[in-house]
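Only one structure is covered here, and it is reproduced in the block below.
The values are calculated or read from the model by the stated rules, or taken from the named source; none is laboratory data. Note that the structure is predicted; figures quoted are calculated from it, not measured. Here the Cβ positions follow ideal geometry from the backbone for every residue, glycine too, while neighbour counts run over all protein chains shown. The protein model used for the area step is the full one, side chains on, heavy atoms only, and it has no ligands, DNA or RNA in it. Shrake-Rupley method; radii C 1.70, N 1.55, O 1.52, S 1.80 Å.
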Amino acid sequence: MNVLILEDEQRNFNRLRRQLEEIDTTFHVEGPLANIQESVEWLRTHPTPDLILADIRLSDGLSFDILRQTAIPSPIIFTTVYDEYAIQAFKYNSFDYLLKPINSEELAEAINKVRRRTLSDTHGEDMRRLVEYMYRNNYRYRERFLLPYRDGYISVQVKNISHIALKERTTLIFLNDGASMNISYSLDELESQLNPDIFFRANRQYLLHIDSIRNVSNYFNSRLKIHMKKYPDTEIIVSRERASALKEWLDK
């Protein structure tokens, strides 16, 4: 089986390649392709791979842009650190997804599903529906919010947000200048609208802008404590389960 990997981090590619070699030593692995332009050019000039493993977030955008520009007949397994990407969109017969860090057993099972599945004539239609679904659901990340202010409205730039918090069932945006205001979205909705390279879901209560973090310290029971630049009195604790994801996010 010829496997193409779309991935913008070398260590993730190396891990995937090792896992594939452990699953089947006969796999021929191509890649990594780190951006949309490189991937589109490769797919247009090389034989069609038997399987594509595609990171959703590449260095210059979403890998769904590659699907818009090429007619890919290959089955695709998407990989992502974040689970906010309209998971139902991946339930078409020709698609699967895996959350990072990728578990070897889950990867093997996903590949077995590909092997058991015979690509049907509906694959192209499934691909078109997937791309349309993603863009219909606004997978261009937000740059601003229009919020009620006094007797009118105010436009808030995403770059000016320090963090977003859930307090007593109310979602509040906290700005770098110390101002705060209500917003009529849940944290889950905001997490899906904001660039995951810039915002991190620390826990059920907090969504943080990367530039708002002063430092991170160790806390009890392998948890982490985040210290904020503009809000030093705000204590944000990251669970042991989320700690590795936070460190990986900060280390990009």
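Roughly speaking, to the nearest percent, how much of the range 169-229's 1.4 Å accessible area is carbon and sulfur? Working shown, then result.
Details: 1370 of 3270 Å².
C and S atoms contribute 42 percent here.
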Inter-label distance, nm, simple model (7 Å from Cα along the C-beta direction), residue 217/residue 170 | 3.0 nm
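Can you give the FRET efficiency for residue 210 and residue 104, using 1/(1 + (r/R0)^6), R0 = 25 Å, r = Cβ-Cβ distance, to the nearest 0.05? List each step's numbers first, then the result.
Numbers: r = 30 Å, r/R0 = 1.20.
Computed FRET efficiency for residue 210 and residue 104: 0.25.
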Extension gain from residue 45 to residue 160, taking 0.36 nm per residue of separation minus the Cα-Cα distance = 37.1 nm
Accessible area per residue, Å², the range 135-199 with all protein chains present, probe 1.4 Å | 63 Å²
For the range 209-252 and the range 23-79, what is the separation of their C-alpha centers, rounded to whole Å?
-> 33 Å
Compute the signed sum of charges (Lys and Arg +1, Asp and Glu -1) over the other residues within less than 15 Å, Cβ to Cβ, of residue 177.
-> +2
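Loop only by DSSP, 12 or fewer other Cβ within 10 Å of the Cβ. Give me the trypsin sites (Lys or Arg not before Pro) in the range 140-220 that pass, ordered by residue number. It would help to have the intermediate numbers written out before the result.
Values: sites: 140, 142, 144, 150, 159, 167, 169, 201, 204, 214; in loops: 140, 142, 150, 169, 204.
Answer by residue number: 140, 150, 169, 204.
Carbon and sulfur together cover what percent of the accessible area of the range 19-81 at a 1.4 Å probe radius?
Working: 1210 of 2740 Å².
Carbon and sulfur: 44 percent of the exposed surface of the range 19-81.
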Any lysines whose Cα falls less than 21 Å from that of residue 167, other than same-chain ones fewer than 8 residues away, would be 225, 229, 230
